[in-house]
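*Asks:* Below: one structure in structure tokens.
The values are calculated or read from the model by the stated rules, or taken from the named source; none is laboratory data. Being a predicted model, the structure only gives us computed values, none of them experimental. No Cβ is skipped: glycine too gets one built from the backbone with ideal geometry, and neighbour counts run over all protein chains shown. Ligands, DNA and RNA are stripped out before the accessible areas are found, and what is left, the full protein with its side chains, is counted by its heavy atoms. Shrake-Rupley method; radii C 1.70, N 1.55, O 1.52, S 1.80 Å.
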Amino acid sequence: MASSSIQRASSSSTSIPQWKYDVFLNFRGEDTRENFTDHLYTALVERGIHTFRDDEEIERGSKITPKLLKSIEESRFCMVVFSKSYAHSTWCLEELVKIIECVKENGQTIIPIFYHVDPSDVRRQKGSFEEAFVNLERQNEKKAKRWRAALRKASKISGWHIKNGYESVFIKKITNDICKRLNCKILHVGENIVGMDFHLDNLKSLINITLNEVRMIGIYGIGGIGKTTIAKVVCNSISYQFDGSSFLEDVRKTGNYCGVLQLQQRLLQDILRGRDMKLHNIDEGINVIKDRLRSKRVLVVVDDVDNLCQLEYIVGKHDWFCPGSRIIITTRDKHLLDVHGVDETYEVKELNYEESIELFRRYAFKQSLPKDDYKNLLNRAIDYAKGLPLALKVLGIFLFSKTIPEWESSLCKLERKLHMDIQSVLKISFDGLDDVEKEIFLDIACFFKGKDKDFVSRILDGCNFYVESGIRVLVDKCLLTVSNNKLDMHDLLQHMGWEIVRGQCLKEPGRRSRLWEGEDIYHVLTRNTGTKEIEGIILDMSTSKQIQFSTKAFKRMKRLRLLKVHQDAQYDSMVKYCKDVHVPKGHLPEDFTFPSYDLRYLHWDGYPLKSLPLCFHVENLVELSLQSSRIEKLWDKKV
């Protein structure tokens, strides 16, 4: 299994073929215009297939018009009708040369139709084709050589040989075949996509369409990072090269038994061209998928998976599919991809600064450029989103057409309270955690972001949180990263964690599980509103008003696990140079006590007493750190 970690350059376009026509008809007018080709054209149009046919009947010179060249370039399929006098038309031959070039450069598909001619005569230029080339080589030997090469290449492609039988039967078969091939619908991705060339190039190399084997590719990343959009762009770019395709979107939302059965039916209907599939149970669905799709080269995208069963019942194993098939899976949980045994994984990273500016500008200012007055606010918004496409879009729409004072006010609000549209998307991953994993996430978001993994593990293991396992789950679900043994997470995920804790009690911080903001802690400790719900307090005294700590303020905090009080750098300097001077911003009475038996971690810079309280509960303590020039001994008596 491999993963991609390539650094990208800024890019705002994408190389998806844009087909104007479904089919381009290349034919010799004198032979088939009023019979076979006319009937074929009519049948294609009646089936809703956008077909280009050059209706000019006058014999032309050898130079193709720019309009015709462009029509070939913009056609997904090129039907070449080889008839007896085909090679007598230099116009037809020049069109064929252009078609061969487009196949190589743009990925079009040639469908040769041998109309009462032998394919070997076309390939070796025998029979009527040999007669034509006697004259052609006299006129222009160099061009004749190119035309011969084009005929050889086209005639080697599997097509239709019309020799005996009813032409109407052949036309029906050809039309049905095109309808099947065209079933790959173009998925809507919107206009405001940025940085997509980078993802497209990397994923195409992982998908490796040239390999004649079944390959499963996993795309993973944080919610709102653009996994679904990327998968759609990839699907639009390569789906035409398969016998059929299916994009199963929002699988997470249809993850129950009935939902999975519906997804199986949807997959089969997409690939089998709209046939109504009535499945009675999931086991039957598995058998039908294996039976019907094993002979078809298909592209299947299973989007937003959050349960292994969804993969096992829809795209279970490689041998369910025909060699050359590609299965793309998007998820927030890398572990699912590892367990399912995908061949390659691709992590979607945040947009870089230039890409972020470009995407945000498209929503916040539409196509106009922002005024210089907005420059600082623009950078502030970009810094807030931290490269998350969802946040850039939501923020851009939210700020569109607002004045500078309104921008200021809105950004201040968003820095305090996460936008609900961003919150709802990010929280999906949090909701998928078990209770212990949620506690670990919230502790890291509120207290331990940027801290050493071993240190945090030691503290939280003391809280019976099974941290090694929990951290692995958070990393797999893209809620946490570990780099140089430091725990980190996207700023907006941290904001989400804060919002979850604030939501425990909006008006009274003393009823929340965790306190980290000086204003909230000051409120709780000065008004004695702390409750048994409080499990952790981390107070930066440099951002807080002076506080008088008291036993009463902590009295009801029976479940307090974590307590850290730290001072600013200025305090540390004063202590260093004035050893006998105590400059506290928090005061403790001599009879102060900690009521909680659950205390695992106590860290106090500038601890104001000479020792710990006599009744200090040390039974469950994992780490004690008291930094003070006043402390003389830990306890007044042995504990």
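*Asks:* Could you please find all residues in region 101-127 being under 18 Å from His161 (Cβ atoms) and touching a Cys at 6+ places or on another chain (Cβ under 6 Å)?
*Replies:* Ile110
*Asks:* Ok, one more. Please tell me if Asp197 is open to solvent by 20 Å² or more (accessible area, probe 1.4 Å), charged (D, E, K, R) and under 20 Å from the mean Cα position of the chain (by Cα).
*Replies:* Yes; evaluated as a whole, the condition is true for this residue.
*Asks:* Looking only at region 302-323, decide whether some residue is in contact with a Ser or Thr (Cβ under 7 Å, 6 or more places away or on another chain), modelled with pLDDT of 95 or more, open to solvent by 10 Å² or more (accessible area, probe 1.4 Å) and assigned to a helix (DSSP H, G or I).
*Replies:* No, that holds for no residue.
*Asks:* Filter region 502-522 down to residues that are closer than 20 Å to Gln546 by Cα and either open to solvent by 40 Å² or more (accessible area, probe 1.4 Å) or of a type in the set (Asp, Glu) (or both), then give me how many there are.
*Replies:* So the answer is 5.
*Asks:* Now a separate question. So is Asp270 modelled with pLDDT under 90 and part of a loop (DSSP other than H, G, I, E, B) or not?
*Replies:* no
*Asks:* What number of residues within region 53-98 are out of contact with any helix residue (DSSP H, G or I) (no Cβ under 6 Å at 6 or more places or on another chain), among the small types (Gly, Ala, Ser) and at pLDDT 85 or above?
*Replies:* Final tally of qualifying residues: 3.
*Asks:* Working only within region 326-347, note down all residues that are part of a loop (DSSP other than H, G, I, E, B) and surrounded by fewer than 19 Cβ atoms within 10 Å (Cβ to Cβ).
*Replies:* Scanning region 326-347 gives a single hit, Gly341.
*Asks:* Is it the case, given these coordinates, that Glu101 is surrounded by fewer than 16 Cβ atoms within 10 Å (Cβ to Cβ), within 37 Å of the chain's Cα centre (by Cα) and modelled with pLDDT of 85 or more? Break it down stepwise before answering.
*Replies:* Details: surrounded by fewer than 16 Cβ atoms within 10 Å (Cβ to Cβ): yes; within 37 Å of the chain's Cα centre (by Cα): yes; modelled with pLDDT of 85 or more: yes.
Judged against the criteria, Glu101 is a match.
*Asks:* Restricting attention to region 470-489, does a residue exist that is over 30 Å from Thr330 (Cβ atoms) and surrounded by fewer than 16 Cβ atoms within 10 Å (Cβ to Cβ)? Working first, answer last.
*Replies:* We begin by selecting, within region 470-489, every residue over 30 Å from Thr330 (Cβ atoms); these are none.
Among the residues of region 470-489, not one is over 30 Å from Thr330 (Cβ atoms) and surrounded by fewer than 16 Cβ atoms within 10 Å (Cβ to Cβ), which makes the answer no.
*Asks:* Check whether at least one residue in region 498-518 is of a type in the set (A, V, I, L, M, F, W, C), at pLDDT below 95 and part of a helix (DSSP H, G or I), and report yes or no.
*Replies:* Among the residues of region 498-518, not one is of a type in the set (A, V, I, L, M, F, W, C), at pLDDT below 95 and part of a helix (DSSP H, G or I), which makes the answer no.
For (1) under 28 Å from Asp591 (Cβ atoms); (2) acidic (Asp, Glu), each residue gets a yes or a no:
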position	(1), (2)
Met489	no, no
Arg502	no, no
Glu519	yes, yes
Ser542	yes, no
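*Asks:* Of all residues in region 361-417, how many are open to solvent by less than 90 Å² (accessible area, probe 1.4 Å), closer than 21 Å to Gly223 by Cβ and not in a helix (DSSP H, G or I)?
*Replies:* 3
Yes/no per residue for (1) open to solvent by 10 Å² or more (accessible area, probe 1.4 Å); (2) free of Cβ contacts under 8 Å to residues at least 40 places away in the same chain:
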site	(1), (2)
Asp201	yes, yes
Arg215	yes, no
Gly244	no, no
Tyr257	yes, yes
Val260	no, no
Leu263	yes, no
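*Asks:* A further question on this structure: Restricting to region 416-433, give me the number of residues that are aliphatic (A, V, I, L, M) and touching a Lys or Arg at 6+ places or on another chain (Cβ under 9 Å).
*Replies:* 2
*Asks:* Please state which one of Ser239, Ser245 is assigned to a helix (DSSP H, G or I), at pLDDT below 90 and closer than 27 Å to Leu268 by Cβ. Can you show your working first?
*Replies:* Details: Ser245 fails: assigned to a helix (DSSP H, G or I).
Result: Ser239 is the single residue among Ser239, Ser245 that is assigned to a helix (DSSP H, G or I), at pLDDT below 90 and closer than 27 Å to Leu268 by Cβ.
*Asks:* Here is a check on your reading of the model: is Leu493 open to solvent by less than 10 Å² (accessible area, probe 1.4 Å) and closer than 15 Å to Gln423 by Cβ?
*Replies:* Against the criterion (open to solvent by less than 10 Å² (accessible area, probe 1.4 Å) and closer than 15 Å to Gln423 by Cβ), Leu493 qualifies.
*Asks:* Which members of region 151-194 meet the condition of being surrounded by 15 or more Cβ atoms within 10 Å (Cβ to Cβ), outside any helix (DSSP H, G or I) and β-branched (Val, Ile, Thr)?
*Replies:* Ile162, Val189, Ile193, Val194
*Asks:* On to the next question. Looking at Lys633, is it at pLDDT below 85, of a type in the set (Lys, Arg), open to solvent by 20 Å² or more (accessible area, probe 1.4 Å) and part of a loop (DSSP other than H, G, I, E, B)? Break it down stepwise before answering.
*Replies:* Values: at pLDDT below 85: yes; of a type in the set (Lys, Arg): yes; open to solvent by 20 Å² or more (accessible area, probe 1.4 Å): yes; part of a loop (DSSP other than H, G, I, E, B): yes.
Yes; evaluated as a whole, the condition is true for this residue.
*Asks:* Checking Gly259 against (1) under 27 Å from Lys477 (Cβ atoms); (2) touching a helix residue (DSSP H, G or I) at 6+ places or on another chain (Cβ under 6 Å), which test does it fail?
*Replies:* Condition not satisfied by Gly259: (2).
*Asks:* Can we say Leu261 is over 22 Å from the mean Cα position of the chain (by Cα), more than 30 Å from Leu392 (Cβ to Cβ), among the aliphatic types (A, V, I, L, M) and outside any loop (DSSP other than H, G, I, E, B)?
*Replies:* Details: over 22 Å from the mean Cα position of the chain (by Cα): yes; more than 30 Å from Leu392 (Cβ to Cβ): yes; among the aliphatic types (A, V, I, L, M): yes; outside any loop (DSSP other than H, G, I, E, B): yes.
Yes, satisfied.
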